[in-house]
Amino acid sequence: MTQLAEPAILANFEIKKQVPKRVQVLLGFASWVLFFLGWHLLATNSQINQQLFPPPLKVFTALWMLFAEENFLADVLQSVFRILASYGIAIAIALPLGLLMGTFPMVEAFLNPLVSPFRYLPAPSFIPLLLMWLGTGDEQKIAFLVLGVIWFLITLIMDNTQAVPMELVETAKTLGAGKGSILRTIIFPAALPNIVDTFRQMLAVSWTYLVIAEIVAATNGIGAMMMRAKRFVHVDEIMAGILVIGFLGLLFDTALRLLHWQLFPYLHRSQQKNLYAY
Amino acid sequence: MIDKSSTLLLSDPPQEASREQQAVSKLYISQVCKNFQLKGHKTLCAVSSVSFEVQQSEICILLGPSGCGKSTILRMVAGLESISAGRILLDRQPITGPGRDRGMVFQSYTSFPWLTVKQNVEYGLRVNGHSRAERQDITNHFIDRVRLTPFKDAYPDQLSGGMRQRVAIARALANGPEILLMDEPFGALDPETRWQMQELLLDIVRMENMTVLMVTHDVDEALFLADKILFLSSHPGTVRERIPAPLQNSAKPTTKESMYEIPEYINLQKKIMHLMREVTYDPTS
Ligand SMILES: Nc1ncnc2c1ncn2[C@@H]1O[C@H](COP(=O)(O)OP(=O)(O)OP(=O)(O)O)[C@@H](O)[C@H]1O
Ligand SMILES: [Mg+2]
């Protein structure tokens, strides 16, 4: 049997081998360049209707025009406000509930059978109800966004709380800490890093629901702008809207990642050498 | 419920003159049983009729094969596990739940990772409402005792395993317990670190006049640290043998090397090895 020589290019693909930082950045950048290039080539192909599938340059121009002439910034800020307000409300309710459910099995036994099934009711199906109860203003949009994430937040925070190692709790007990102290000084700080991660992941869901909220009976916000653009077949503006939502989602995600590093440095330096051995 | 028949099988029945014993013993354990409720209405008798005492400033070691109920006994003393039958008295008071009079050190690293070494050691004093000045003094004293003063502002993730266990020991001692309970505290450490930790522990415990009840798998560790060894056998867990150490208290060797120069220790080591072999379940026999 003869062994076939491995093609040179394949030599770079090592299983689970770390790639140098510089190569990583380069590769990440290359994938975006290829993406835009492919998009451009596809859109400028003579077979394609450019009005329905504009090339990237046209989309960026539309984006610029939106900010410069259509006061798009107000729409963006309106959307950001809805996200932040609804997420703040959702956290204010979900955090105490999740912590209590994760700490006291008694509370879990009472609330989990109620909360858990709500995750499977599609939030958009509540829109007609919310429209009747709250009208078409911000209250309705925010209530919808709260409904979209709160059930997941409660159950995930409960899971994060339950994952706190029992030994930490038992250590605190043998040091004489009472129930309140243990909840405040052990369970909460021990669960918080994972809870902040949960916040970050569920925020992506909120952005998804934002578009739905603003497509139905809305006069302002990023989604409303996209619906207006649709009426006039301004596909470039719709695509610009998508880009902005993607960018904002990434921005929020990165901000929460940085916050995680800031708040919990002890979780991010495990690779470092110990100060001292023995 | 106390199983009357099994008490008859005990190799060393507790003396009925226990009133006196109770009066002088730091920790008094009498006829203690633990039954775990398993799935399908079955119960597992993990500990059966265990009786022993630990005196003030004594280091008592629980030794025995895996699953013989060592951790369960320790957890009952700590108040983390309920007692199915029998009595456990600390300073003549029955144990009703966990409390600061019994400090516990676990095998796994239990330093709170979001707190510095100093804040970890201070934790018990803080939740028990001690003044800042008092906390400061006590905390510094015990950090010094475990030789972590240069690292008092470091976080546990920056420390080695041995250092983390020293934080756990200092944290337990700073709270002023009557007895220190330790469940294989050095089980996760490498051999050299273990040695150093054992010598350090012996030193601290002597200095602080601490009473210790400790679980270990390691025969050498038991020999080196113990004033008294309780050898347990399993299914169900009972005290198989009570072995006083050849030398007591201040007469004990203070380094491992010096221990192996004493023939009594070598003999005892052999004896315990034999016991180990006897009680270890051998599926081929
Ligand atoms: N919470 C529990 N529920 C049911 N059974 C348990 C529980 N805790 C311990 N047991 C059982 O009780 C017996 C004694 O367990 P224990 O942990 O006290 O043993 P051990 O001597 O500490 O063992 P090791 O040396 O492996 O730590 C074992 O058979 C174990 O499976
Ligand atoms: Mg054990």
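Every read-out reported here was derived from the displayed coordinates using simple, explicitly stated rules and does not represent laboratory data. Keep in mind that what you see is a predicted model, and the values were worked out from it rather than measured. Methodologically, a virtual Cβ is constructed for each residue, glycine included, from the backbone with ideal geometry; neighbour enumeration extends over all protein chains shown.
Peptide B:104-116 is shielded by partner chain Cβ atoms: per residue, an average of 5 of them sit within 10 Å of its Cβ.
Spatial offset of region A:57-123 relative to region B:117-164 amounts to 41 Å, using the alpha carbon center of each. Counting 0.36 nm for each residue step from residue A:81 to residue A:9 and taking away their Cα separation leaves a gain of 21.0 nm. Computed over neighbours whose Cβ is under 13 Å from that of residue B:164, the net charge equals 0, Lys and Arg +1, Asp and Glu -1.
Remark: for residue pairs A:173/B:26; B:70/B:228; B:39/B:70, the C-alpha separation exceeds 18 Å in A:173/B:26; B:39/B:70. In chain B, the longest principal axis of the Cα atoms and the axis of helix B:263-279 are about 60 degrees apart. Taking the helices alone, chain A has a mean residue ellipticity at 222 nm of -24000 deg cm²/dmol, built from -39,500 (n - 2.57) per DSSP H run of at least 4 residues and averaged over all its residues. The angle separating the long axis of helix B:161-174 from the principal Cα axis of greatest extent in chain B is about 90 degrees. Taking a straight Cα-Cα cut-off under 20 Å and skipping sequence neighbours fewer than 8 places away in the same chain, the lysines within cross-link reach of residue A:58 are A:230.
Counting only residues at least eight positions apart within a chain, or on another chain, the aspartates and glutamates with an alpha carbon under 18 Å from that of residue B:270 are B:218, B:220, B:221, B:227, B:241, B:257, B:261, B:278. For a straight C-alpha distance cut-off of 18 angstrom, the aspartates and glutamates reachable from residue A:179 (same-chain residues fewer than eight places away being disregarded) are A:108, A:167, A:170, B:81, B:101.
What's the local net charge at residue B:259, with K and R +1, D and E -1, over the other residues with C-beta under 12 Å away?
Net charge around residue B:259: -4.
Counting Cβ atoms of other protein chains within 10 Å of each Cβ in B:124-133 and taking the mean gives 3. For residue B:71, neighbours were defined as the other residues whose beta-carbon sits under 10 Å from its Cβ, and their charges (Lys and Arg +1, Asp and Glu -1) total -1.
Applying 1/(1 + (r/R0)^6) with r as the Cβ-Cβ distance of residue A:50 and residue A:232 and R0 = 22 angstrom yields a FRET efficiency of 0.90. Computed about the Cα centre, the dipole magnitude for chain B is approximately 740 debye when only Lys and Arg (+1) and Asp and Glu (-1) carry charge, each at its Cβ.
In summary, the helical segments of chain A meeting the span-like criteria, namely a full DSSP H run, a Cα extent along the axis of 30 angstrom or more and a mean Kyte-Doolittle hydropathy of at least 1.0, are A:21-43, A:72-103, A:235-263. Every helix of 4 or more DSSP H residues in chain B counts as -39500 (n - 2.57), and over all residues that averages to -11000 deg cm²/dmol at 222 nm. In this label model, residue A:132 and residue A:119 are separated by 2.9 nm, measuring between points 7 Å along each Cα→Cβ vector.
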